[in-house]
1. What ³J(HN,Hα) values, in whole Hz, does the Karplus curve 6.51 cos²θ - 1.76 cosθ + 1.60 give for the stretch 66-73 when θ = phi - 60°, with x put for Gly and Pro?
2. Report the Rg/Rh value for the chain, based on alpha-carbon coordinates and the Kirkwood definition of Rh.
3. Net charge near Ser105: determine it from the other residues with C-beta under 14 Å of the C-beta of Ser105, scoring Lys and Arg +1 and Asp and Glu -1.
4. With respect to the cross-link table entries Lys92/Lys131; Lys102/Lys131; Lys102/Lys130; Lys93/Lys140, which display a Cα-Cα separation exceeding 21 Å?
5. Add -39500 (n - 2.57) for each DSSP H run of 4 or more in the chain, then divide by its residues: what number comes out at 222 nm, to the nearest 500 deg cm²/dmol?
6. Can you give me the distance in nm between label points at Val23 and Lys101, each placed 7 Å from the Cα along the Cα-to-Cβ direction?
7. Quick one: which residues, 5+ away or cross-chain, put their amide H under 5 Å from the amide H of Ile112? H built at 1.01 Å from N.
8. About the Cα centre of the chain, what is the dipole size in debye to 20, counting +1 per Lys and Arg Cβ and -1 per Asp and Glu Cβ, all else neutral?
Amino acid sequence: MRSSRSLVVAVTAMLISVMIGTVGFIFSEQMSFFEALWLTVITIFTVGYGDTVPETPLGRLFALIIVPVGIGIVTYATGAVTSMMIEGEFSKKVRRRQMDKKIRSLENHIIICGLGRVGEQVLGELLRNKKDVVIVLGTKEQMALFEKEAVLQMR
């Protein structure tokens, strides 16, 4: 949740900086919209082709401001995307470790193989009676579906 909010903030900040940069170069360099947009994007994303550069002192001063701000925002956005990817994988691994640890510590538990119509009824009855249960599923898809349903029921 936090990383998705960071991503929204980062993308919004990037769009705002591109808009401000474009408007700033239009006025300081007397450029067309497309030229100013081009200069802003290649500057903020540190591409710097060199085909379009600020010529006026005001334009260069503006570039001195937009470069560190833009690079900071792009770096933040890259971190937000990376964080989303890592947190998703990391949280899956943590849940898996916790589940494996809990299974290893179980004694006198019941194992249910498969969660078809009967398996679900058996699981429900065992959980109502507060029994320790281990469920064995055949595929990763079945496990993902079961985890999703379990999370929804916990809410």
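The numbers here are math on the coordinates, done by the rules we state, and not lab data. Quick caveat, the model's predicted, so the values are computed rather than measured. Cβ: placed from backbone, ideal geometry, glycine included. Neighbour counts: every protein chain shown.
1. 6, 4, x, 5, x, 5, x, 5
2. With Rg and the Kirkwood Rh in hand, the quotient comes to 1.34.
3. Local net charge: +1.
4. As for pairs spanning more than 21 Å Cα to Cα, those are Lys92/Lys131.
5. -26500 deg cm²/dmol
6. For the pair Val23/Lys101, the computed spacing is 5.2 nm.
7. Amide H neighbours of Ile112, under 5 Å, 5+ apart: Val134, Ile135, Val136.
8. Dipole about the Cα centre, nearest 20: 1120 debye.
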